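A short write-up of the structure that comes next.
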Amino acid sequence: MQKSEFHPSEIPSKPGVYVFRDRFGKVIYVGKASNLRRRMSSYFQPSRVARADAKLRSLIHSIDDWSYETVRSEDEALILESRLIKDFAPHYNVLMRDDKRYLLLKVDWREKFPTLKLARLKKNDGAQYFGPFPRGGALRMTLEFLLAHFGLRACRDSEPDEETRRRCLTRIVKECCAPCVGAVTPEEYRKRVEQAVAVLQGDIRELSETVRANMLAAAQAQQFEKAARLRDVLTNLESVFGRRSRAFWRPELPDAAPGMAAVNALGRVLGLEKMPDRIIGFDISNILGKLAVASLVAFRGGRPDRENYRRFRIRTVHQSDDFAMMHEVLVRHFSRLLEEKRPLPDLVMVDGGKGQLSAAIDALVEIGCPPLPVIGLAKRNEEIYLPGRSEPIVLSRHDPALRMLQALRDEAHRFAITYHRELRNRRIEQSRLDEIPGVGDIRKKQLLRAFGSLARLKKASVEEIAEKVPGIGETVARKILDNLASRPVPPPPAPSN
C-alpha cells in the first residue's frame, strides 16, 4: 500500500513492519511495530518533529512515500524487519544493523562432517544459513535436541578424529553417531545432516509425530519429567521451525519494478509466450478429510490481488484425498469462469507435485477449458513441475521467480488454514453447546448470534444471557455458564494441507 499523504485511519492497529522511501524511491528506513497505526502516526506529528534529534528530523524530512505489511505477531515483525534491513541496508537503520543481531543457524557443507552451528552474522563464506530466529533460548534448546536426535557432532573440530573423541563429554559421546572413529561413513553422516536441514526448512511433521508419540508414552509410563521435556521440545519445534512461523510476505513497495522483474523472470524460466501478469494459486487444507477447504489467491504484477481471493468448502470428497479435492475445486472455479465468460489467468499454480498437477490438468480438460499454463510447486525441495516433463525445474533459493512462487504458495496456505480454523472453531462451539441440557438447535443459534462466540458467552453474566436471548431464563443461563466453566475449550489441532 502506498500514499503520498498519511491518513492514520487507513492504517490498522496491528503488528507489522513499515518501510519509508525518499523521493528517489530508495528505502531509507524499515521499522517494526506492535501497533502500526500508533507507531507510524508518531512520525507525522509536528510536536515530535520539533523535539526530535538531528538524525530523526533528517529521517522524517526525507520521507516521501511509505508502505506497510501486517503480520500475525511481534515475533514475525522482528524477523521480517531484520530480513528487510539486510536486503535494503537502509541508511537510517545503521544502529540496528550494528547492534541488533538475531541468531542464525549455519551448515558448512564443505566440511568432511558438517553440523548445525549457531551464528550471529551471515557471511559470504559459502556456508548455508537459516534464520534469523528471534527466540534465542528456544532456538538453542531445539538445536541441542536436533544434534542429539540425528546423532550429529557437537564438537568444534571441523575434522574430528580419535583424539577429539577422547575429549568429548559423556553426553555427547552417547548421543553422537561418532563419525570421528568411523562408526558411520561420510555418506551416511551427510544423510543425517540433510534430514536435520529439512527440519530447518519447515519439514517438521514426521519429527513432531515422533516426539508427540514419545511424549504420550512417557506420560502413560508416569515418567512425567521426561514427558514435560518432550512437550517443551515439541513446542519449540513448532514455534521455531514450523512453516507458519517462517513464512512472511514482503511489504508492497511503491513501484512495481521488483514485482514485474520477478514476473518476467518466471515467464522466462517457464518458457511462456506471454508474461504471467495474472497468476492464481490453489491450496488444500484438512485434517484426515474432515472440514476440508481450499483457497485461491491471486497475484497481479507480482503483488497480491486480494479482491480476487476465493475460498471453498469441499463438497464431494469425504476422505483424505488431496488430488480429488484439487480436481473438485478447479472444476468448480473454472466452470464458473467459462460460464460467466470471464478472463482466464495467465498462469495457474497448485501447491504440490506431480499428483496435484495431474489432478488440475484432468479437471481443466474435463470441462473443456482452453489451454493455459499450469504448474505445481512441491514443498520439500521447492521443485517446479510442468505438464509433460518428467523432471522438475529446480531454481536457486534466491531466484526472484522462485521467491514469487513461494510467496504465492505461502499466501494460499495461510488463507486456507485461516478458513479451516474458522470452521473448526465454529464446530467446536456448536458441539459444546449441544452438550448443555435445555439448549437445542434454536437456542444454540440464538446464543451464538447474540454473543458471537463461545469465548464471549463464557464471559457473560447470568443476567446478560437471560436478557439477550428470548426464552432463556436465569436458571437455564446459570446451567450454561456452569457447564462451560467446568470444561474449558481445548485448542484445535493444527490443520494439514
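We did not get these values from a lab; they are worked out from the coordinates using the rules stated. Given the structure is predicted, the values throughout are model-derived calculations rather than measurements. Neighbour counts run over all protein chains shown; Cβ positions are idealised from the backbone, glycine included.
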Over the stretch 8-99, volume per residue of the alpha carbon convex hull, in Å³ = 97
task = Output the direction-averaged projected area (hull surface divided by four) of the convex hull of the alpha-carbon atoms of the stretch 435-486, in nm².
result = 3.1
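How high is the FRET efficiency between ALA148 and ARG23 when r is their beta carbon distance and R₀ equals 60 Å, given to the nearest 0.05? Before the final figure, lay out the partial values.
Working: r = 54 Å, r/R0 = 0.91.
Approximately 0.65, to the nearest 0.05.
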request  = Can you pull the one-decimal nm distance between simple spin-label points at GLU209 and ASP108, each 7 Å off the Cα toward Cβ?
outcome  = 3.6
message = Limiting things to C-alpha atoms, what are the Rg and the maximum Cα-Cα separation (Dmax) for the stretch 103-245, in angstroms?
response = 15.6, 49
Nitroxide proxy distance, nm - points 7 Å out along Cα→Cβ at GLU10 and GLU422 = 2.5
remark   = Here P(r) for the stretch 257-413, Cα-Cα distances in 5 Å bins, as whole percents, is 2, 9, 19, 23, 22, 15, 7, 2, 0
ask   = Can you give the extra length, in nm with one decimal, that the chain gains between CYS155 and SER42 once fully stretched, where that is 0.36 nm per residue apart less the Cα-Cα distance?
value = 35.8 nm
query = Is the stretch 338-426 best put as rounded, prolate or oblate by its Cα gyration tensor, with a ≥ b ≥ c the root eigenvalues, rounded for a/c under 1.5, and otherwise prolate when a/b is larger than b/c, oblate when not?
reply = oblate
note = Taking 0.36 nm per residue of separation between ALA183 and LYS341 and subtracting their Cα-Cα distance, the length gained on full extension comes to 50.3 nm
ask   = Points 7 angstrom from Cα along the Cβ direction at TYR129 and LEU272: gap in nanometres?
value = 3.2
